[in-house]
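Notes for the one structure printed next.
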Amino acid sequence: MDRGILRKWLNAGYIEKGKLHATTVGAAQGGIISPTTLIVALSGLENAVKSATEQQDKVNVCIYADDFIITGATSEVLENKVKPVVEAFLSERGLSLHPGKTKITHIDEGFDFLGMNVRKYNGKLIIQPAKSNVKRFLADIRDIIKSNKTCKTENLIRMLNPKIRGWSNYYRHVCSKETFSYVDHKIFEAIWSWAVRRHPNKGKRWVRSKYFRSSELRKWIFFAKTKDEDGETVNVDLVEAKKVTIKRHIKIRADATPYDAVYHKYYDELIAKRKIVTGSTTAPSWWLCWWNLFSPKVGKARVANGSLIKA
């Protein structure tokens, strides 16, 4: 770690609404420096844990910023071998384990990590959205709906869609189908209450015809009519979480680096599986641009003194 750059970064402050705020202690909440410094601070934790355990202990470490989980064959291994090493490792860096967030549990009981609940059911590992995160997300959606009781339908949909789409995309790689259906149902209940409240003197059929439409097999689509750039009338629909396709995440090999030509074919096949590039038998254009830009073999460009210089 370049300590000089780190020191300047910590003292740089942050800008909010055009005003510079100095940072004399700690790091700005939500800034990218916080996870970056933690990644640097926790670098070496896995090696420290591995050196204190044996292969039959089946110890594995997974770190993401300031959150990490360590798995082992037994609770005794984690309590007597792993935990003392972790506490000593953190103590050297002025850190400590949070008592309320640190626990040793069996995989059959499960645990939450990065908003996911990891647990074995009858010997099968299932990863799904954590109940606490689902509850927090729905509370946020309900707050938006309740605080916009008189706004235009189109504006409400445009406020809700990015949140629903973003939350669903985060959980699209795990077992979330049932959770997505549950979330859609709860959002519908909140929307229906919002619509009925706006028209206390109207019947439910009238409310349905005004705020909901049908399309093929879908019957209750919360929508609003608006004008597009050409002035034509179009429908703006509320996004449904259950429409997000569940697609398992493909892990990248630990030793695969784009700087090694040996792995070029591997990356091309990986991209094809993720359907980033479709209908093409050649390497993706962005890959060629990246390789031509930074590859020392091709020599299209070079990086010097932190700036991009054309060769």
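The set of residues in the stretch 222-250 that are touching a residue at least 12 places away in the same chain (Cβ under 8 Å) and part of a loop (DSSP other than H, G, I, E, B) comprises Leu238, Val239, Glu240, Val244, Thr245, Ile246, Lys247, Arg248, His249, Ile250.
Within the stretch 199-211, the only residue that satisfies the criterion of being outside any loop (DSSP other than H, G, I, E, B), open to solvent by less than 70 Å² (accessible area, probe 1.4 Å) and either small (Gly, Ala, Ser) or touching a residue at least 40 places away in the same chain (Cβ under 8 Å) (or both) is Tyr211.
For the stretch 256-266, indicate whether the set of residues that are of a type outside the set (A, V, I, L, M, F, W, C), under 30 Å from Ile127 (Cα atoms), exposed (fewer than 12 other Cβ atoms within 10 Å of the Cβ) and in contact with a strand residue (DSSP E or B) (Cβ under 9 Å, 6 or more places away or on another chain) is non-empty. Checking the stretch 256-266: not a single residue is of a type outside the set (A, V, I, L, M, F, W, C), under 30 Å from Ile127 (Cα atoms), exposed (fewer than 12 other Cβ atoms within 10 Å of the Cβ) and in contact with a strand residue (DSSP E or B) (Cβ under 9 Å, 6 or more places away or on another chain). The condition (being touching a strand residue (DSSP E or B) at 6+ places or on another chain (Cβ under 9 Å) and either closer than 25 Å to Lys225 by Cα or without any contact (Cβ under 8 Å) to a residue 60 or more places away in the chain (or both)) is satisfied by just one residue among Thr74, Thr153, Thr102: Thr153.
Restricting the stretch 49-77 to residues that are at pLDDT 90 or above, surrounded by fewer than 16 Cβ atoms within 10 Å (Cβ to Cβ) and small (Gly, Ala, Ser), the residue that is farthest from the chain's Cα centre (by Cα) is Ser51.
Within the stretch 117-149, if we keep just the residues that are assigned to a helix (DSSP H, G or I) and of a type in the set (A, V, I, L, M), the residue that is most open to solvent (accessible area, probe 1.4 Å) turns out to be Ala139.
Please go through the stretch 151-187 and pick out each residue that is over 18 Å from Arg136 (Cα atoms), part of a helix (DSSP H, G or I) and of a type in the set (A, V, I, L, M, F, W, C). The answer is Leu156, Ile157. Taking the stretch 172-189 as the range and being open to solvent by 80 Å² or more (accessible area, probe 1.4 Å) and in contact with a Phe, Trp or Tyr (Cβ under 9 Å, 6 or more places away or on another chain) as the test, no residue passes.
Put simply, of Gly18, Gly26 the only residue that is open to solvent by 60 Å² or more (accessible area, probe 1.4 Å) and out of contact with any Lys or Arg (no Cβ under 8 Å at 6 or more places or on another chain) is Gly18.
Being surrounded by 13 or more Cβ atoms within 10 Å (Cβ to Cβ) and either in contact with an Asp or Glu (Cβ under 9 Å, 6 or more places away or on another chain) or on the phi < 0 side of the Ramachandran plot (or both) is the requirement here; does Leu90 meet it? Yes: the conditions hold for Leu90. In this entry, Ser34 passes the filter for residues that are open to solvent by less than 50 Å² (accessible area, probe 1.4 Å), out of contact with any Leu (no Cβ under 6 Å at 6 or more places or on another chain) and either assigned to a helix (DSSP H, G or I) or closer than 28 Å to Ala130 by Cα (or both). Within the stretch 40-87, the set of residues being out of contact with any Asp or Glu (no Cβ under 9 Å at 6 or more places or on another chain), in a helix (DSSP H, G or I) and of a type in the set (Val, Ile, Thr) comprises Val40, Val49, Val85, Val86. Would you confirm, using the coordinates I've provided, whether Asn169 is open to solvent by 40 Å² or more (accessible area, probe 1.4 Å), within 16 Å of Pro129 (Cα to Cα) and polar (S, T, N, Q)? Spelling it out, Asn169 is indeed open to solvent by 40 Å² or more (accessible area, probe 1.4 Å), within 16 Å of Pro129 (Cα to Cα) and polar (S, T, N, Q).
When Arg253 is tested against (1) without any contact (Cβ under 8 Å) to a residue 40 or more places away in the chain; (2) in contact with a strand residue (DSSP E or B) (Cβ under 7 Å, 6 or more places away or on another chain), only condition (2) is not met.
The values are calculated or read from the model by the stated rules, or taken from the named source; none is laboratory data. Note that the structure is predicted; figures quoted are calculated from it, not measured. As a convention, Cβ positions derive from the backbone with ideal geometry for all residues, glycine included, and neighbour counts pool all protein chains shown. What goes into the accessible areas is simple: the full protein's heavy atoms, side chains included, and nothing from ligands, DNA or RNA. Shrake-Rupley method; radii C 1.70, N 1.55, O 1.52, S 1.80 Å.
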